[in-house]
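Just below is one structure, and these are the notes that go with it.
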Amino acid sequence: KKVRNTIEAYLKAYEKNDRAGLLALFAADARFTDPVGTPTMLGREAIGKFWDAARKNGATLTPELQRIVVCANEAIALFRMQVRRPDGGGLDLDVADHFVLNEDGTIREARAFWNPSCMTAVAAKPS
């Protein structure tokens, strides 16, 4: 239950644009790779910079959860991240995130699996 609660809180933090809430879910020495194959971010400060960069120019990121699968202290979250600019355009990104949690329920490692084939462009809303 603790693992599922943490992953649900992770997704909720994105939905509510809650940077502090998201960072509190990570262990101080957490490792986060998004996407796998890019440099791994180490620690909350680096993860916070990633959060900020994803939202520059007013972008919002809203996850649409499909499934969470929990096995022991690990989980996979399958979701579509709706990335939108202020004009309503952007992209939908199908993501599989893998998490490893510490005993206290904080995220020790998170790895996001997606590539360009997972992206669908969304047109801006007509003005």
Original post:
Counting Lys +1, Arg +1, Asp -1, Glu -1, what net charge surrounds Leu91 among other residues with beta carbon under 11 Å of its beta carbon?
Top reply: +1
Original post:
Which of the pairs Lys1/Lys49; Lys2/Lys49; Lys1/Lys56; Lys16/Lys125 have their Cα atoms more than 24 Å apart in this structure?
Top reply: Lys1/Lys49; Lys2/Lys49; Lys1/Lys56
Original post:
By how many degrees, 0 to 90 and rounded to 10, does the Cα axis of helix 43-54 deviate from the longest principal axis of the chain?
Top reply: 10
Subject >> Between 0 and 90°, nearest 10: helix 2-15 axis offset from the chain longest Cα axis >> reply: 20
Original post:
Roughly what would the spin-label model give for Lys49 and Thr62, points 7 Å off Cα along C-beta, in nm?
Top reply: 3.0
Original post:
222 nm [θ] for the chain, helices only, -39500 (n - 2.57) per DSSP H run of 4+, per residue, to 500?
Top reply: -7500 deg cm²/dmol
**OP:** For the chain, build the charge dipole from Cβ charges (+1 Lys, Arg; -1 Asp, Glu) around the Cα centre, then report which of Met41, Leu23, Ala124 sits farthest towards its positive end.
**Re:** Ala124
Original post:
Please state the relative contact order of the chain as a whole percent: Cα pairs under 8 Å, 6+ residues apart?
Top reply: 25
**OP:** Would you work out the charge dipole size for the chain about its Cα centre, treating the Cβ of every Lys and Arg as +1 and the Cβ of every Asp and Glu as -1, and quote it to the nearest 20 debye?
**Re:** 260
Original post:
What order do you get for 49-58, 109-118 when each peptide is scored by the mean count of other beta carbon atoms within 10 Å, highest first?
Top reply: 109-118, 49-58
**OP:** Could you order peptides 12-18, 97-103 by the average number of other Cβ atoms within 10 Å of their residues, highest first?
**Re:** 97-103, 12-18
**OP:** Evaluate E = 1/(1 + (r/R0)^6) for Lys12 and Asn73, where r is the Cβ-Cβ distance and R0 equals 22 Å; express this FRET efficiency to the nearest 0.05.
**Re:** 0.65
Subject >> Calculated FRET value between Leu91 and Thr40, using beta carbons and R₀ = 30 Å, to 0.05 >> reply: 0.80
Subject >> Three principal axis lengths of the chain [C-alpha, angstrom, descending] >> reply: 50, 28, 27
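Read-outs throughout are calculated quantities, based only on the coordinates presented, and are distinct from any laboratory measurement. What you see is a predicted model, and the numbers here were worked out from it, not measured in a lab. Virtual Cβ from ideal backbone geometry, glycine too; neighbours counted across all protein chains shown.
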